[in-house]
Each structure stands twice: as C-alpha cells, then as structure tokens.
Amino acid sequence: MLRLTLLLTLAAGSAAAQELAWSPVGGKYAVAGLPWFQENGAEFWRLPARSKETFPPAVWNLALDPTGGRIRFRTDSPTVAVKLEWPRPPGMRNMHAFGQSGVDLYAGDAYWGTAVPDKDAAPGKVYEHIYFRGQPRSMRDITLYLSLYSPVKVVAIGVEKDATVEAAKAFAVAKPVVYYGTSITQGGCASRAGMSYQAILGRRLNLDQVNLGFSGNGKGEAALARAVAEIDAAVYVLDFAQNNGSVESLSQVYDPFIAILRERRPETPILAITPIYAASESTGSRRNNEEMRAHIRKVVSRRIAEGDTRLQLIEGPDLLGPSRLDGLVDGTHPNDLGFQWMAEGLAERLRKVLGLP
C-alpha cells in the first residue's frame with residue numbers, strides 16, 4: 001500500500017510538471033543584478049565579455065559565478081518550478097552544496113526553498129525542481145537568487161498554464177547598489193544565496209544590487225575599477241583589502257581605484273569599508289588587518305578633506321568585531337549570523353545615503 005501511495009504521488013507530481021507552461025528568462029521574468037546580461041548574450045556573467053582580456057584570468061573565471069543575480073516576477077500560480085543546469089557538482093571545503101551552488105526562491109521576504117545539483121551535475125544535464133505546488137491562487141512576488149560560487153544556467157521557469165505573470169514591483173531606488181570586494185563580498189560563507197549580506201539588505205530596504213566580489217581576487221586592479229565605474233549606481237560599496245598580500249600592495253591600488261570611480265562618477269556616493277575582524281587577530285597571527293584599516297582611513301580622510309563630501313568610511317569591526325566571532329565560519333568568512341550582523345550595521349547608513357524613509 002505504501003509503495004502504491006508513493007507511486008501515485010510521484011505520478012501526480014510528474015503530471016503537475018507536465019501541465020506547466022515553461023518560459024525562458026526575459027520579459028516579465030526579469031533579470032536583476034547582472035548589468036551586462038543582454039550585452040553578454042543572455043549569459044549569467046558578472047563582468048562584460050568584451051573586456052575579458054583586461055581582467056586577471058582568475059577574476060574572469062569567478063565572474064562566471066552569478067552571485068547577486070536574481071530573477072524577479074509576480075505570479076498567482078499555485079506551482080512554481082525551474083529548470084537548471086550546472087557545469088559541475090558542488091565541492092567546496094568551507095561551504096556546503098546549498099551555499100555554493102543552490103538557487104533560492106523567496107516569495108516576498110520569505111524563504112521557500114532551494115534547488116541544488118547532485119554529485120552527477122555536468123554540462124547538458126538539466127534538473128527540474130518544483131519549489132512549491134498546490135498553493136492558494138494569489139499574487140506573490142517571486143525572487144530567485146542565483147548561486148554564489150558556481151555557474152548556473154536558468155533554462156526555463158515553469159508556472160501553471162492559466163496563471164497570471166506580471167513584472168516585479170519596482171525597487172525603492174531605480175539604480176543599484178554596487179558592491180566590489182573579496183570572497184566576503186561574493187558571499188562566502190553564507191548557507192545559501194539569499195543569505196549574503198547584500199541579499200539581506202536588498203530585502204530589508206527593497207534595493208537592487210550588483211555583486212562584484214571575487215574570492216581571493218578582490219585586489220583593486222584598474223580594469224576592475226573601470227568595470228565598476230561603468231555601472232550607473234545609486235552608491236558604490238568598496239569592501240576590498242585583505243586579498244592584497246601586504247599594506248604596500250593595497251596602497252598601490254586603493255586610492256587609484258577611488259580616483260577611477262570619481263573620474264567617471266563624481267557625484268555617486270561611495271562607502272569604504274575597512275576589513276571586518278578576523279579570529280586570527282585575537283591570537284596575533286594576522287597583524288596587517290589593522291594596518292590596512294589605517295591605510296583606508298588615511299585615504300578616505302584625505303579625500304574628504306579635499307572636498308569629496310560623498311565619500312564615507314565604515315569601520316568593518318563595527319559590523320563584525322572581536323565580540324562577534326560566532327559570526328565567522330573559518331575565522332575569516334561570515335556565516336549567516338555574521339552576514340545578518342553586517343546587514344544590520346549597514347542598513348541605516350544606506351538608508352540615509354539613499355534618502356529612504
């Protein structure tokens with residue numbers, strides 16, 4: 001009897017999937033957070049392919065991870081599903097499969113589920129995932145958060161054939177908040193895509209975001225500054241330092257990075273974050289974090305004194321400091337609690353800078 005019930009349930013699920021209307025991304029299934037999406041031929045890449053040769057190869061490879069990318073729409077469909085393709089299975093040491101490769105669905109501000117590949121993920125293998133079915137027919141704001149540390153293709157989105165699909169509601173500010181930085185910016189080590197600090201802030205303040213964090217490679221090269229400056233942002237958030245091997249190497253890029261932004265975007269607010277606290281600072285094994293903070297303070301203070309009234313400093317340890325080490329996964333990268341603390345610390349500053357009520 002149990003086997004018969006299971007077979008009937010599977011058959012019903014298969015029938016429900018067959019009744020869905022499948023549509024490619026685009027139109028009312030709008031892509032957010034990937035400013036070069038159309039230019040790149042509808043690929044979920046975070047940097048412009050035309051400039052590929054100007055970026056370090058490691059940065060370009062990380063740009064294939066669509067962290068910060070979202071698909072947004074409204075629907076009254078009782079069922080929402082997706083077809084996804086991953087090039088490889090997850091396998092990171094300090095992030096589990098959901099955090100590395102998962103695609104989250106939020107209905108409004110509520111998390112409803114994650115699609116994730118198995119150990120057999122490979123190019124050409126398409127996974128069909130039903131996030132929910134049998135829900136009451138009412139309009140819902142749907143957001144799909146794309147994976148943090150793995151390329152993914154969104155092959156199609158499925159809703160019931162008689163469902164209404166509308167464009168997503170407008171953001172509180174038309175322009176995105178653009179983040180540039182390191183693995184912490186990219187989302188390491190959130191448990192899933194919707195738990196990066198940018199995603200949390202986006203839901204809290206109804207903001208668009210572009211995530212240009214590059215794990216181990218947020219070094220502040222001029223080519224990256226020019227790419228960041230291409231984006232007409234509401235505000236730039238700079239959170240890079242630790243990927244530079246020394247204060248000397250940071251000093252060669254930090255002020256020039258801001259200078260490139262200012263040449264192209266003289267009026268756009270910039271928030272400069274110093275490094276958050278690392279557990280190794282408590283033991284004295286990492287000494288240059290504070291030296292890097294001092295250098296960022298020096299650059300920002302000088303520029304403000306010279307008249308840049310749209311540049312502000314945010315101290316990383318005020319977001320995640322020595323009393324909050326439970327917010328770290330491996331002594332360096334925030335977990336969900338750490339990202340929540342970071343978002344809470346940044347929310348009021350962003351609210352003021354953007355003039356939000």
> Taking the stretch 249-282 on its own, how many of its residues are out of contact with any strand residue (DSSP E or B) (no Cβ under 8 Å at 6 or more places or on another chain), of a type in the set (A, V, I, L, M) and surrounded by fewer than 17 Cβ atoms within 10 Å (Cβ to Cβ)?
Replying inline: 1
> Can you tell me which residues in the stretch 17-55 are among the small types (Gly, Ala, Ser) and farther than 18 Å from Tyr131 by Cα?
Replying inline: Gly26, Gly27, Ala30, Ala32, Gly33, Gly41, Ala42, Ala49, Ser51
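Would you confirm whether any residue within the stretch 209-218 is more than 18 Å from the chain's Cα centre (by Cα) and over 19 Å from Leu350 (Cα atoms)?
No, the stretch 209-218 contains no residue that is more than 18 Å from the chain's Cα centre (by Cα) and over 19 Å from Leu350 (Cα atoms).
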> Looking only at the stretch 38-65, which residues are crowded, with 20+ Cβ neighbours inside 10 Å, closer than 16 Å to Glu230 by Cβ and not charged (D, E, K, R)?
Replying inline: Trp45, Leu47, Phe55, Val59, Ala63
>> When the residues of the stretch 312-342 are narrowed to those that are of a type in the set (Asp, Glu) and within 18 Å of Arg192 (Cβ to Cβ), which ends up surrounded by the most Cβ atoms within 10 Å (Cβ to Cβ)?
In response: Asp336
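So that you can scan it fast, the table gives a plain yes or no per residue for (1) modelled with pLDDT under 95; (2) of a type in the set (Gly, Ala, Ser); (3) farther than 21 Å from Arg204 by Cβ:
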{"residue": "Ala107", "(1), (2), (3)": "no, yes, no"}
{"residue": "Val126", "(1), (2), (3)": "no, no, yes"}
{"residue": "Phe132", "(1), (2), (3)": "no, no, yes"}
{"residue": "Ser138", "(1), (2), (3)": "no, yes, yes"}
{"residue": "Leu148", "(1), (2), (3)": "no, no, no"}
{"residue": "Lys161", "(1), (2), (3)": "no, no, yes"}
>> Exactly one of these conditions fails for Val299: (1) under 24 Å from Arg204 (Cβ atoms); (2) modelled with pLDDT of 95 or more; (3) over 20 Å from the mean Cα position of the chain (by Cα). Give me its number.
In response: (1)
> Is it the case that Leu238 is crowded, with 18+ Cβ neighbours inside 10 Å, within 26 Å of Asp141 (Cα to Cα) and either without any contact (Cβ under 8 Å) to a residue 60 or more places away in the chain or under 16 Å from the mean Cα position of the chain (by Cα) (or both)?
Replying inline: no
> When you go through Gly158, Gly134 one by one, which is the residue that is touching a residue at least 12 places away in the same chain (Cβ under 8 Å), within 19 Å of Ala42 (Cα to Cα) and more than 21 Å from the chain's Cα centre (by Cα)?
Replying inline: Gly158
> Within the stretch 66-96, how many residues turn out to be surrounded by 16 or more Cβ atoms within 10 Å (Cβ to Cβ), within 20 Å of Gln198 (Cα to Cα) and out of contact with any helix residue (DSSP H, G or I) (no Cβ under 7 Å at 6 or more places or on another chain)?
Replying inline: 7
>> Every residue in the stretch 247-296 that is of a type outside the set (Phe, Trp, Tyr), in a loop (DSSP other than H, G, I, E, B) and modelled with pLDDT of 95 or more, please.
In response: Arg265, Pro266, Glu267, Thr268, Pro269, Thr274, Pro275, Ile276, Ala278
>> Being part of a strand (DSSP E or B) and more than 18 Å from Val210 (Cα to Cα) is the filter here; which residues of the stretch 74-104 pass it?
In response: Arg74, Thr75, Val80, Ala81, Val82, Lys83, Leu84, Glu85
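The values are calculated or read from the model by the stated rules, or taken from the named source; none is laboratory data. Predicted, not measured: the structure shown is a model, and the values here were computed from it. As a convention, Cβ positions derive from the backbone with ideal geometry for all residues, glycine included, and neighbour counts pool all protein chains shown.
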